[in-house]
Amino acid sequence: PVAVVSIGGRLRALDETGTVFWDYKKAPRGLPMVNTVTGTNSDALREAAAVASALPPDLAKTVDHVEVTTVDSISLELRNDKRVVWGSSAQSDTKADVLVALMKAEPDVARYDVSVPGQPVTSKSVD
């Protein structure tokens, strides 16, 4: 599994293809949660899974949850209360590399936007 998603009140494993399997009584450590809005479809879950699977292990450990609204509106909420605007799963490997570099270069910002990895943006506020 690359993440855990709550569906119908059940914690389920999510693999890199967006396939939901296994039930958990409690979310395992080391896997980010995927939070969805009502009506999130399987395409959006597949995109979230692609994002989660692209995260290097050290970065994945810092992710509290992946927020999914639509297939091209995905963000990461980090354990240190910082937010990452990811966009879609396109170029996720590049976005992960850019994010790691940004986090090292600008550790004091509240928001990283890597939705266009060639033009990342940072902000002092999460909004």
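The values are calculated or read from the model by the stated rules, or taken from the named source; none is laboratory data. Worth saying up front: this structure is predicted, and the values here are computed from it rather than measured. Don't worry about glycine lacking a Cβ; one is built from the backbone with ideal geometry, like all the others, and counts go over all protein chains shown. The area values use the complete protein model at the heavy-atom level, side chains included, leaving out ligands, DNA and RNA. Shrake-Rupley method; radii C 1.70, N 1.55, O 1.52, S 1.80 Å.
Annotation note: of Ile7, Ile74, the sole residue that is among the hydrophobic types (A, V, I, L, M, F, W, C) and within 24 Å of Gly118 (Cβ to Cβ) is Ile74.
Meeting the requirement of 3 or more residues that are in contact with a Leu (Cβ under 8 Å, 6 or more places away or on another chain) and open to solvent by 20 Å² or more (accessible area, probe 1.4 Å), the strands (runs of 3 or more DSSP E) wholly within the range 12-117 are 20-24, 63-70.
For Ala50, the requirement of being under 14 Å from the mean Cα position of the chain (by Cα) and farther than 25 Å from Leu11 by Cα is not met. Among the conditions (1) buried (at least 18 other Cβ atoms within 10 Å of the Cβ); (2) over 21 Å from Met33 (Cα atoms), Ser123 misses just one, which is (1).
If I filter the range 1-11 down to residues being without any contact (Cβ under 8 Å) to a residue 40 or more places away in the chain and open to solvent by less than 50 Å² (accessible area, probe 1.4 Å), which single residue comes out as nearest to Thr69 (Cα to Cα)? This residue is Val4.
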